[in-house]
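One structure is given below, encoded as structure tokens.
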Amino acid sequence: MTKHIIEVQHLKKHFGKNEVLKDISFTVKPSEKVVIIGPSGSGKSTLLRCLNRLEDDYDGRVIFYDQNICQAKTTDLRLIRQRMGMVFQQFNLFPNKTVLENITFATIKLKVMTADQATQKAHELLKQVGLDDKAAAYPQSLSGGQQQRVAIARSLAMNPKVLLFDEPTSALDPEMVGDVLGVMQRLATNGMTMIIVTHEMMFAQKVADKVLFMDKGVVADEGTADYIFNQTSNPRTKEFLSKVM
Ligand code: ADP
Ligand code: MG
């Protein structure tokens, strides 16, 4: 049996009286693509944020390479987030840094690489996302789709073991979505382990090894893309899909 990279065991999270995650369990294997779908407010973002401890104070366990993330000390958190990159809906680039600096900043600061190595790697990554001509540009001069591709390159600069995506194309104009999904598709094909929250159902069907359907804080349905999109008899899954497809 292949060893799991991530094991989520009985994860529970509440904000005050609002129980947002109610006993979530799943596993992620090396190179696996796990796609999480579900209605707004079902807890998808909170789940991703618990995985790399952007959210604290939850019950249950998240095991990442045999380490219990829930008990990781502040000093370990940096390493966890290096190994588990996250791409957000709103890109979160540094506005006062160039594209190149956005990509090299953390790797140099955290001494993952020398400045020369980081710069060389950044150019390689920019080529990979089709933006090497934008190295000297500032984020606000780029389209949303270009900014998101820079954000993906920035995550990749850390050599992460896993990438988390939280609706990476939801803030984009429709004509930008394809380029970002294309970059993600190539990462998937190249073997990156990915957990992706998305409303792009065609993309989900193409890349997912496993789909989790979340509803009201639980994984209400789970299976291969073929099972979720073509075979499930779960009425909640079917109702959701009928609205978004
Ligand atoms: P999704 O990403 O599926 O839309 P979220 O994880 O963002 O869902 O939110 C799930 C629930 O948790 C919602 O009811 C939301 O209002 C609540 N929630 C999320 N973050 C916070 C927070 N920081 N404080 C209080 N409630 C929150
Ligand atoms: Mg969300």
Exercise for review: State, as an integer percentage, the relative contact order of the chain based on alpha-carbon contacts under 8 Å between residues 6 or more apart.
Suggested key: 26
Study note, to complete from the structure: With all protein chains in place and a 1.4 Å probe, Thr98 shows an accessible area in Å² (nearest 10) of 20
Point to revise | Sum of -39500 (n - 2.57) over DSSP H runs of 4+, divided by residues of the chain (222 nm, nearest 500) | key: -11000 deg cm²/dmol
Review point. How much accessible surface does His10 have with a 1.4 Å probe, in Å² rounded to 10?
Key: 110
Study note, to complete from the structure: Quick P(r) readout (the range 124-245; Cα-Cα; 5 Å bins; whole %) gives 2, 10, 20, 21, 17, 13, 9, 5, 3, 1, 0
Practice item. Please list, in chain and number order, the residues 5+ apart from Glu222 or on another chain whose amide H is under 5 Å from its amide H, with Hs placed from the backbone. Key: Phe213
Practice item. Report, to the nearest 10°, how far helix 235-244 tilts away from the longest principal axis of the Cα atoms in the chain, using its own Cα long axis and a range of 0 to 90°. Key: 40
Point to revise | Eligible aspartates and glutamates near Lys111 by straight Cα distance, threshold 16 Å, same-chain separation 8 or greater | key: Asp76, Glu101
Exercise for review: Only loop residues by DSSP count here, and only those with at most 11 other Cβ atoms within 10 Å; note down the trypsin sites (Lys or Arg not before Pro) in the range 1-97 that meet that.
Suggested key: Lys3, Lys17, Lys73
Practice item. Take the alpha-carbon positions of the range 117-169, form their convex hull, and give its projected area averaged over all directions (one quarter of the hull surface) in nm². Key: 3.9
Practice item. Of the listed pairs Lys33/Lys127; Lys12/Lys109; Lys121/Lys210; Lys33/Lys238; Lys109/Lys134, which have alpha-carbon separations greater than 27 Å here? Key: Lys12/Lys109; Lys121/Lys210
Check your understanding: What residues qualify as long-range amide H neighbours of Val87, i.e. H under 5 Å apart, gap of 5 or more or another chain, H built at 1.01 Å from N?
Key -> Leu164, Phe165, Asp166
Review point. If you take the Cα atoms of the range 8-148, find Rg, then find the Kirkwood Rh from the mean of 1/r over all pairs, what is Rg/Rh?
Key: 1.02
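May I ask you to work out the translational diffusion coefficient for the chain at 4 °C, viscosity 1.567 mPa s, via Stokes-Einstein with Rh from the Kirkwood sum over Cα pairs, reported in whole µm²/s?
Working: Rh = 18.6 Å.
Translational D for this selection: 70 µm²/s.
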**Study point:** Value of relative contact order over the range 103-186, rounded to a whole percent, pairs C-alpha under 8 Å and six or more apart
**Key:** 32
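The values are calculated or read from the model by the stated rules, or taken from the named source; none is laboratory data. Worth saying up front: this structure is predicted, and the values here are computed from it rather than measured. When we count neighbours, we look across all protein chains shown, and the Cβ atoms used for this are built from the backbone with ideal geometry, even at glycine. Please note that ligands, DNA and RNA were not included when accessible areas were found on the heavy atoms of the full protein model with its side chains. Shrake-Rupley method; radii C 1.70, N 1.55, O 1.52, S 1.80 Å.
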